[in-house]
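Let me begin by presenting the structure, written as C-alpha cells, before commenting on it.
The values are calculated or read from the model by the stated rules, or taken from the named source; none is laboratory data. On a predicted model such as this, the values are computed, not experimentally measured, just so you know. So basically every Cβ, Gly included, is an ideal-geometry build from the backbone, and we count neighbours across all protein chains shown. Side chains are part of the model used for accessible areas, which takes the heavy atoms of the whole protein and leaves out ligands, DNA and RNA. Shrake-Rupley method; radii C 1.70, N 1.55, O 1.52, S 1.80 Å.
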Amino acid sequence: FHTDRAARITTLSYIAVDNARCTGCGICESECSLRHEKTFDTWNSRIHVRHFEPSLDIASVCASCNDAPCVAACPKEAGALTRDQLTGAILLNHSKCIGCGACLQVCSKDRSDVIRMSRDGKKAVGICDLCGGDPACVKVCPEQCLSLVPANQKGIHFAASPEKIARSLYQGIYRSGRAD
C-alpha cells in the first residue's frame, strides 16, 4: 500500500468494466493474483473472468456496493469485513475470516457473485481492495476495458451478476436489441 498513490482517490470508487470490449485474455486475473498472492493461481484473484457461449467474456469485480451487504452479513464477532474510508473498497481480513460464507451468500443472491470460498473451503476470497487505490488490473488490461471511476457514477451493470450482464449483452449483440 503506497499512500502517495492512494491519495489520488478523492471519492469512493469502484472498477467499471466495459464487458463489450473484454476479450477474456485473463491478464487482469493473473496480475491480481500475482500482486496479492505472489502466484498465478487465479482462483484467488479479486477479478474473475467468466466465459459464456457463444463467445462472450464477462469480467466480474467487487463493486464495493454502497450498502455493503457482505459487510452487514459478516458476523460481528469475526469482524473480517470493513470498508476502507479513503477508497471505499471492502477489505477482507483473512486472519479474522471464519469461513461461514455469509458474505458469499448475499453477494451471489443479488450482486456481482464475485465472492467465493478458498480452494480449501476455509476462507472467503474474491473481494477487491482496489490495490490500495491503484488497481493493478486496470493498468494491465490490454483492451482498456477496466477503469477506476467514482462510485457516484451510474454504471449499467453495477454490481450485477455475470449472468445478467451476459443476457443484456447477448440481447444487444445477437438480437439487435430486440426484446424477447
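So the values come out like this:
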item	result
Residue match in segment 46-58 (condition: more than 15 Å from Ala136 (Cβ to Cβ), without any contact (Cβ under 8 Å) to a residue 12 or more places away in the chain and not hydroxyl-bearing (Ser, Thr, Tyr))	yes
Counted residues, segment 18-48 - those being under 18 Å from Cys131 (Cα atoms), open to solvent by less than 40 Å² (accessible area, probe 1.4 Å) and modelled with pLDDT of 90 or more	9
Segment 114-144 - residue that is part of a helix (DSSP H, G or I) and within 13 Å of the chain's Cα centre (by Cα) and, of those, farthest from Val17 (Cα to Cα)	Cys131
Identity of the residue in segment 50-59, more than 14 Å from Ile127 (Cα to Cα) and touching a strand residue (DSSP E or B) at 6+ places or on another chain (Cβ under 6 Å), that ends up least open to solvent (accessible area, probe 1.4 Å)	Ile58
Qualifying residue in segment 152-161 (condition: over 15 Å from the mean Cα position of the chain (by Cα), among the small types (Gly, Ala, Ser) and modelled with pLDDT under 90)	no
Positions within segment 107-126 being under 17 Å from Asn66 (Cα atoms), surrounded by 15 or more Cβ atoms within 10 Å (Cβ to Cβ) and either among the acidic types (Asp, Glu) or modelled with pLDDT of 90 or more (or both), in sequence order	Asp113, Ile115
Subset of segment 32-49 [farther than 18 Å from Asn93 by Cα and touching a Leu at 6+ places or on another chain (Cβ under 9 Å)]	Phe40
Residue that is farthest from the chain's Cα centre (by Cα), among those in segment 1-17 that are at pLDDT below 55 and open to solvent by less than 90 Å² (accessible area, probe 1.4 Å)	Ala7
Selection within segment 61-93 - open to solvent by 40 Å² or more (accessible area, probe 1.4 Å) and in a loop (DSSP other than H, G, I, E, B)	Asn66, Asp67, Lys76, Glu77, Gln85, Leu86, Asn93
Lone unmet requirement of (1) without any contact (Cβ under 8 Å) to a residue 40 or more places away in the chain; (2) farther than 15 Å from Asp129 by Cβ; (3) in contact with a Pro (Cβ under 9 Å, 6 or more places away or on another chain) for Ala78	(3)
